[in-house]
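A quick write-up on the structure given underneath.
The values are calculated or read from the model by the stated rules, or taken from the named source; none is laboratory data. Fair warning: this is a prediction, and the values are worked out from it, not measured in the lab. Glycine also receives a Cβ, built like all others from the backbone with ideal geometry; neighbour counts cover every protein chain displayed. Surface areas here come from the heavy atoms of the whole protein model, side chains and all, with no ligands, DNA or RNA. Shrake-Rupley method; radii C 1.70, N 1.55, O 1.52, S 1.80 Å.
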Amino acid sequence: MNQEEKITVPFLDLKAQFSLIKSEIEEKINSILATQLFALGPEVAALEEEIAAYCGSKYAIGVSSGTDGLLVSLMALELKPGETAITTPFTFFATAGVIARLQAKPLFCDIDEETLNLSPEKLHHLLKEMKKKTRTLKLRAIIPVHLYGQCADMDSILELAQSFDLAVVEDAAQAIGAEYPSRAGVKQAGTMGICGVLSFYPTKNLGGYGDGGMVLTNSQKLAQKIRRLRVHGEKKRYIYEFIGGNFRLDALQAGILRVKLRHLEKWQARRQDLASLYDRAFHESELIKRGIVRLPAAIYKNEKIKNYHTYHQYVIRVKKRDRLHLYLKENGVGTAIFYPRPLHLQKCFHYLGYKRGDFPVAEKAAQEVLALPIYPELTAEQIFYVVEKITAFFRR
Ligand SMILES: *Cc1c(COP(=O)(O)O)cnc(C)c1O
C-alpha cells in the first residue's frame with residue numbers, strides 16, 4: 001500500500017463537528033451556568049419555539065429522549081393494556097418497546113422493498129385481516145418510522161388510519177426536517193400524524209451532548225396533556241390529574257441544540273451533497289450495473305422539495321454484507337448495520353408469537369443493509385475512498 005492511500009474514514013466523527021462550533025457552544029453553556037436554571041425553563045421554551053417553527057408544527061414539547069417522547073405520546077393518547085399498535089419490525093427497538101411498556105401489543109407489518117419504510121399495501125392487508133378480529137384485538141394506533149431520514153408514505157398511511165379510526169404517531173427520530181410531498185402540500189416529518197417525535201441523541205442529524213427529544217403536534221389539547229405528563233401529570237403545583245413521569249429536557253441540552261439548530265440547514269444540504277457523491281461514484285464503478293450494490297432509494301427526489309431525504313444514514317444493500325463490513329474495517333472505513341435483527345425475531349418479543357419468515361422483506365433487509373459514513377464534515381476524497389474500497393472488495 002502506498003502512502004497516500006492511508007486514508008481513514010470513521011463511521012462518525014463528532015469531534016470534527018465540535019471543533020467547528022466550540023466557541024459558540026462554550027459561550028452558551030457558560031451563559032446557562034450563570035443562570036443555574038437546569039430543568040426546563042426559558043432555554044427549553046426557546047428551543048421548543050424554534051423547533052416548532054423549523055418543522056412547521058403548532059406546538060413542540062421538549063422531552064428527555066426520543067424514546068420518552070414516543071412513550072409520553074402513547075400515554076397521552078391513552079393506549080391501554082391489551083390494546084394494539086401497529087409498527088414496522090425494521091426500526092430501532094424503542095419504536096416497539098414503548099408499546100410493550102404500556103402493556104399494549106405491538107403488531108408488526110412488513111416494509112416496502114424499496115424504501116424499507118412501512119408498506120401501505122401490506123398495512124392495508126393487515127388492517128383488513130385484523131378487522132375480522134376486532135373483538136379480541138383493539139387496534140388503536142399506527143407508528144410509522146421515517147427510516148434513515150426519508151418519510152414513509154404518509155398520504156396512504158393517514159388514509160388507512162382514518163378509515164380504520166386509528167391514531168398516527170410518527171417516529172421521526174431519524175428524520176428532523178425531512179419533507180414529504182403530501183396531497184395537501186409539502187409537509188415535514190413529525191407534523192402529519194396526531195403527533196410526531198424527534199430524537200436529539202448525539203448521533204442524530206440534530207444531536208445534543210446527551211439525551212433529548214421533542215414531541216411535535218398541531219393539537220393544543222394533546223400538547224397541553226403532554227406538557228403535564230412530562231412533569232408527572234402535574235396540573236398545578238402538587239396537583240395531579242393523571243399519572244405521568246419525569247420526561248423533562250435539560251436546559252443545557254436545549255441551549256446546545258439551539259446553537260446547533262442554527263447550522264442544521266447547511267448540514268442537511270451537505271449530507272445530500274455527500275449522498276450525491278456516493279451515488280455518482282457508485283454509478284461510475286461497475287457495481288450498480290452488475291447488480292452488486294443497491295443504492296438507497298430517494299423516492300421524493302423528483303418533487304421540487306429541498307429535504308427529500310435528510311440522509312441520517314446512507315444505506316446501501318449488498319450480498320456478503322458481513323464480510324464487506326469486516327473488510328472495510330480492516331481498511332480504515334467504519335460502517336454500521338441498522339438493523340441486523342428485525343424486532344419480531346428478538347427474544348423479548350417471543351411472547352408475541354412471530355417466527356422467521358413472517359416479514360420476508362424486513363428479514364432480507366436485515367441481512368443486506370450497510371450504512372456508510374455520512375456526516376457534514378466528511379470530504380469528497382473520503383467518499384471516493386470508501387467506494388474505491390468497496391469496489392476493490394468485490395473485484396477480489
Ligand atoms: C434514535 C431513535 C429512537 C430513540 O431515540 P432516543 O433519543 O435514543 O431515545 C427511536 N426511534 C428511532 C427510529 C430512532 O432512530
ask   = Could you give the accessible area per residue of the stretch 90-172, probe 1.4 Å, as a whole number in Å²?
value = 41
query = Using the Cβ atoms and a cut-off under 13 Å, what net charge is assigned to the surroundings of F359, where Lys and Arg are +1 and Asp and Glu are -1?
reply = 0
ask   = Rg (Å, one decimal) plus Dmax (Å, integer) for the alpha carbons of the chain?
value = 21.4, 70
Histogram of C-alpha separations across the stretch 301-353, 10 Å bin width, % = 18, 30, 28, 21, 3
message = Loop-only GluC sites (Glu not before Pro) in the stretch 63-169, please: DSSP not H, G, I, E or B, and at most 15 other Cβ atoms within 10 Å.
response = E78, E113, E114
query = Taking K132 as the anchor, which lysines have their alpha carbon closer than 26 Å to its alpha carbon, excluding any fewer than eight residues away along the same chain?
reply = K80, K105, K122, K355
task = Take the alpha-carbon positions of the stretch 49-149, form their convex hull, and give its projected area averaged over all directions (one quarter of the hull surface) in nm².
result = 7.3
remark   = Expressed per residue, the solvent accessible area of the stretch 176-222 in Å² (1.4 Å probe) is about 34
request  = Could you sort 25-31, 294-300, 238-244 so that the peptide with the highest average Cβ count within 10 Å comes first and the rest follow in order?
outcome  = 294-300, 25-31, 238-244
request  = For A380 and L295, calculate 0.36 nm times their separation in residues minus their Cα-Cα distance, and state this gained length in nm to one decimal.
outcome  = 28.8 nm
query = What percentage of the solvent-accessible surface of the stretch 98-183, computed with a 1.4 Å probe over protein heavy atoms, is contributed by carbon and sulfur atoms?
reply = 47
key: C-alpha center-to-center spacing [the stretch 265-296, the stretch 4-67] in angstrom   = 28
ask   = Just how much of I32 is accessible, in Å², when a 1.4 Å probe is used and the result is rounded to the nearest 10?
value = 10
query = What is the diffusion coefficient of the stretch 214-299 in µm²/s, taking the Kirkwood radius over Cα pairs and the Stokes-Einstein relation at 4 °C with a viscosity of 1.567 mPa s?
reply = 75
ask   = Round to a whole number: what % of the accessible area of the stretch 214-353 belongs to carbon and sulfur, probe 1.4 Å?
value = 50
request  = Using only alpha carbon pairs under 8 Å that are at least six residues apart, calculate the relative contact order of the chain and give it in whole percent.
outcome  = 22
remark   = Result for the stretch 223-378: accessible area per residue, probe 1.4 angstrom, in square angstrom, of 50
task = Report the local net charge at A76: Lys and Arg +1, Asp and Glu -1, summed over other residues whose C-beta lies under 11 Å from its C-beta.
result = +4
ask   = Once phi is turned into θ = phi - 60°, what whole-Hz ³J(HN,Hα) does the Karplus curve with 6.51, -1.76 and 1.60 give for every residue of the stretch 171-188, x standing for Gly and Pro?
value = 8, 9, 4, 9, 9, 3, x, 5, 9, 9, x, 6, 4, 8, x, 6, 10, 9
Amide hydrogen neighbours beyond the local backbone of V9, cut-off 5 Å, H modeled = V333, G334
task = In whole Hz, with x marking every Gly and Pro, tabulate ³J(HN,Hα) for the stretch 160-168 from phi via Karplus 6.51 cos²θ - 1.76 cosθ + 1.60, θ = phi - 60°.
result = 5, 4, 5, 6, 9, 6, 10, 7, 10
task = Using every pair of alpha-carbon atoms in the stretch 35-90, split the distances into 5 Å bins beginning at 0 and state the percent of pairs per bin, rounded to integers.
result = 4, 14, 17, 21, 17, 11, 9, 4, 1, 0
query = Taking amide hydrogens as modeled 1.01 Å from N in the peptide plane, which residues meet the under 5 Å criterion relative to N307, leaving out close sequence neighbours?
reply = E179
ask   = Short version: what are the Cα gyration tensor semi-axes of the stretch 134-181, square root of 5 times each eigenvalue, largest first, in whole Å?
value = 24, 12, 6
note = Expressed in angstrom and ordered largest first, the alpha-carbon extents of the stretch 1-96 along the principal axes are 62, 44, 25
Inverse mean reciprocal Cα-Cα distance (Kirkwood Rh) of the stretch 240-386, Å = 18.4
remark   = Surrounding charge for I32, neighbours by C-beta under 12 angstrom, Lys/Arg +1, Asp/Glu -1, total -2
Under-5 Å amide H pairs with G233, H placed in peptide plane, nonlocal only = G244, G245
